[in-house]
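Asks: Dumping the structure here so I can ask a few things about it.
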Number of protein chains: 2
Amino acid sequence: MPRYKLTVEYHGGPFVGWQRQDNGLSVQAVLEDAARALCGAPATAHAAGRTDAGVHAFAMAAHIDLPKDYGEDVVRDALNHHMKPRPVAVLSAEARTDDFHARFSCVRRAYEYRIVNRRPPLTLEAGLAWRVAEPLDAAAMHQAAQTLVGRHDFTTFRASACQADSPVKTLEEISVTRAGETVFIRCAARSFLHHQVRSFAGSLVEVGRGKWRAADLKAALEARDRKACAPVAPPDGLYFLRADYA
Amino acid sequence: MPRYKLTVEYHGGPFVGWQRQDNGLSVQAVLEDAARALCGAPATAHAAGRTDAGVHAFAMAAHIDLPKDYGEDVVRDALNHHMKPRPVAVLSAEARTDDFHARFSCVRRAYEYRIVNRRPPLTLEAGLAWRVAEPLDAAAMHQAAQTLVGRHDFTTFRASACQADSPVKTLEEISVTRAGETVFIRCAARSFLHHQVRSFAGSLVEVGRGKWRAADLKAALEARDRKACAPVAPPDGLYFLRADYA
């Protein structure tokens, strides 16, 4: 069966998350239903990351096996046609050999977290960012965040429901930058724990507000205790940015 | 009565436009109702531009007279409180003397029109841009647009329902730039005719697609005939950008 790598953009707002669940509509179900409408047969979509409810994607990587070779452009356009009016779009479909697996072949995932740092409520960016009213020192956030880089036991920044075998992960890079009133947190790793980026964002905001010093973030990491984490940032600001393959 | 200049951001999607109308909710009504909730008395809001249904604003300028001096921060925060959950936000409130009028004192208005130039449908930017699937040559659009600069009879680019006394306006500047898949059309003038920017956008897209040459845009302008205009671009891509005062 021909395998297609799909690059998928979506607005997480109306979904229970990437993964198919009984309690509501998922991105996976929208994509699989569209594939079924195209092929007349069920198909399973696998993704590089299983984003939570409300989390967005600029370029989620996924793959799907279709019963015949429709051609890349036809796959992209037909899936988009059948997904209307859901806010999910296949940006590209690329033929791949069977040894490509969107989840298991992925060597690097990147996320972005967007904070709009202002007092007035959000209008144009409602649902697309976390509004934080208190002034944030992005430079202090960036500096403190560097303590998270490297191989660590990230128990502090891991949801209690996280199903990963080990809390030890290697954070390859993290940066905090400001453009106008928007603060961007970007990070990359081979893989992430459940709620890891939102836990980072919540804790880094404490640094940005001046409630935590860099040493407090380091102490939270070293505590290896979920209770040492600041309140987890809301899903609205989180974007799956990119999946890299060898 | 103390007068406040308000800088207002809004998502035009749920509104019939800036101006109060019988057929639905307007930005003006949301703002005036919030002022009434704050003061217990009716207040009228005047704006630099009366945007159409679905048109957004990054920084609409407006003014409103309140029965007492609440202080700038209180006015901003109280109006924002009372406007929830409507997608309208007062970014700032500034005390002004009675000779300031958001509409009549305005010497320059700026608009931005956003096109996402790609084949897949919009998800994160749905309602916030016009998707154009055919590849657009932004440089050709920019070059052709320069013929619109200056004092002209803009009958071609004016809605038939436009109530302005004269179709003659002076376009101060217009630019077309590309950043990734987004094409921005930005223009500024003392004032604009009804549907003028959306008429420019629709016609410039014909240039970008290669259907019109620069000479065709010039001929359309010189025709002074509404029928010479290309189809008007949808409201979703239009943003009131800025109002300048002397």
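The values are calculated or read from the model by the stated rules, or taken from the named source; none is laboratory data. Keep in mind the model is a prediction, meaning the values are calculated, not measured. Virtual Cβ from ideal backbone geometry, glycine too; neighbours counted across all protein chains shown. The protein model used for the area step is the full one, side chains on, heavy atoms only, and it has no ligands, DNA or RNA in it. Shrake-Rupley method; radii C 1.70, N 1.55, O 1.52, S 1.80 Å.
Asks: Per q in 0.06, 0.10, 0.13, 0.14 1/Å, what log10 I(q)/I(0) does a Debye calculation on the alpha-carbon atoms of the protein assembly as shown return?
Replies: -0.34, -0.90, -1.27, -1.33
Asks: Using a Förster distance of 22 angstrom, determine the FRET efficiency expected from the C-beta separation of A:Val168 and A:Asp99, and round it to 0.05.
Replies: The pair A:Val168/A:Asp99 has a calculated efficiency of 0.20.
Asks: Further question: Could you give me the ³J(HN,Hα) list for region A:43-60, computed from phi with Karplus coefficients 6.51, -1.76, 1.60 and θ = phi - 60°, whole Hz, x at Gly and Pro?
Replies: 9, 10, 9, 10, 10, 5, x, 9, 5, 7, 3, x, 8, 9, 9, 7, 7, 5
Asks: Taking a probe of 1.4 Å, how large is the accessible area per residue of region A:107-245, in Å²?
Replies: With all protein chains present, region A:107-245 gives 43 Å² per residue.
Asks: Same structure again: Pop out the ³J(HN,Hα) list for region B:183-191 in order, Karplus 6.51 cos²θ - 1.76 cosθ + 1.60 with θ = phi - 60°, rounded to Hz; leave Gly and Pro as x.
Replies: Once θ is set to phi - 60°, the couplings for region B:183-191 become 10, 10, 10, 10, 8, 9, 7, 4, 8 Hz.
Asks: Further question: Determine the dipole magnitude for the protein assembly as shown: charges of +1 sit on the beta-carbon of Lys and Arg, -1 on that of Asp and Glu, nothing else is charged, the reference point is the Cα centre, and the result goes in debye to the nearest 20.
Replies: Dipole magnitude for the protein assembly as shown comes out near 100 debye.
Asks: Go ahead and run the numbers for FRET between A:Asp137 and B:Arg224, Cβ-Cβ distance against an R0 of 60 Å, rounding to 0.05.
Replies: The formula returns an efficiency of 0.60 here.
Asks: Any idea what angle helix A:72-83 forms with the longest principal axis of chain A, computed on alpha-carbon atoms, 0 to 90 degrees, nearest 10?
Replies: The two axes meet at around 70 degrees.
Asks: Filter the chymotrypsin sites (Phe, Trp or Tyr not before Pro) in region A:76-136 to those in DSSP coil with at most 13 other Cβ atoms within 10 Å of their Cβ, and list the result.
Replies: Here the sparse-neighbourhood loop sites are A:Phe104.
Asks: For helix A:27-39, what angle does its Cα long axis make with the longest principal axis of chain A, in degrees from 0 to 90 and rounded to 10?
Replies: In chain A, helix A:27-39 runs at an angle near 10 degrees to the longest axis.
Asks: Also: On a C-alpha basis, how far is the centre of region A:153-186 from the centre of region A:87-124 in Å? Whole number, if you could?
Replies: The distance from the Cα centre of region A:153-186 to that of region A:87-124 comes to 15 Å.
Asks: How much of the accessible area of chain A, in percent, comes from carbon and sulfur atoms when a 1.4 Å probe is used?
Replies: It is 48 percent, rounded to a whole number.
Asks: Along Cα-to-Cβ, 7 Å out, sits the label point; list in nm, shortest first, how far the one on A:Ser175 is from those in the other copies.
Replies: Shortest to longest, the spacings are 2.4 nm.
Asks: Once you order the gyration tensor axes a ≥ b ≥ c over the Cα atoms, which shape class does region B:3-91 get: rounded for a/c under 1.5, otherwise prolate or oblate by comparing a/b with b/c?
Replies: Note, shape of region B:3-91 comes out prolate.
Asks: Let me ask you something else. In square angstrom and rounded to 100, what buried accessible area do you get between chains B and A, total over both, with the probe at 1.4 Å?
Replies: 1700 Å²
Asks: Give me the accessible area per residue for region B:3-96, probe 1.4 Å, as a whole number in Å².
Replies: Spelled out: the 1.4 Å probe surface of region B:3-96, per residue, equals 40 Å².
Asks: Could you work out the relative contact order of chain A? I mean the mean sequence separation of Cα pairs under 8 Å and 6+ apart, divided by the number of residues, in percent.
Replies: 24 percent
Asks: Can you compute 3J(HN,Hα) from phi for each residue in region B:2-11, using the Karplus curve 6.51 cos²θ - 1.76 cosθ + 1.60 with θ = phi - 60°, rounded to whole Hz and x for Gly and Pro?
Replies: Here the 3J(HN,Hα) series is x, 9, 10, 7, 10, 9, 10, 9, 8, 9 Hz.
Asks: Something else: Name the longest site-free stretch of chain B, where the excluded sites are trypsin sites (Lys or Arg not before Pro) in a DSSP loop with no more than 13 other beta-carbon atoms within 10 Å.
Replies: B:69-189
Asks: Could you check the spin-label model distance between A:Arg190 and A:Ala161? Points 7 Å from the Cα along Cα→Cβ, value in nm.
Replies: Calculated label separation equals 2.7 nm.
Asks: Something else now. Multiply the residue separation of A:Ala59 and A:Ala246 by 0.36 nm, subtract the distance between their alpha-carbon atoms, and state the gained length in nm to one decimal.
Replies: 65.6 nm
Asks: Another question, if that's okay. Looking only at region B:107-245, where both bridge partners belong to it, what percent of the DSSP beta bridges are antiparallel (to the nearest 5)?
Replies: 95 percent
Asks: Let me ask something additional. Tell me, what is the percent relative contact order of region A:1-122, built from C-alpha pairs under 8 Å that lie six or more residues apart?
Replies: Relative CO of region A:1-122 lands at 36 percent.
Asks: Something else about it: With +1 assigned to the C-beta of every Lys and Arg and -1 to the C-beta of every Asp and Glu, and no other charges, what is the dipole magnitude of region A:3-96 about the Cα centre in debye, to the nearest 20?
Replies: The dipole of region A:3-96 has a size of about 80 debye.
Asks: Let me ask something else. Under a 5 Å amide H to amide H cut-off, with H placed in plane at 1.01 Å, what residues pair with A:Gln21 once short-range neighbours are removed?
Replies: For A:Gln21, the qualifying residues are A:Ser26.
Asks: Return the long-range amide H neighbours of A:Arg131 (sequence gap of 5 or more, or a different chain), with a cut-off of under 5 Å between placed amide H atoms.
Replies: A:Val116
Asks: Quick one: of A:Lys218/B:Lys84; A:Lys5/B:Lys211; B:Lys68/B:Lys169; A:Lys211/B:Lys68; B:Lys169/B:Lys227, which pairs are farther than 28 Å apart, Cα to Cα?
Replies: Those over the limit are A:Lys218/B:Lys84; A:Lys5/B:Lys211; B:Lys68/B:Lys169; A:Lys211/B:Lys68.
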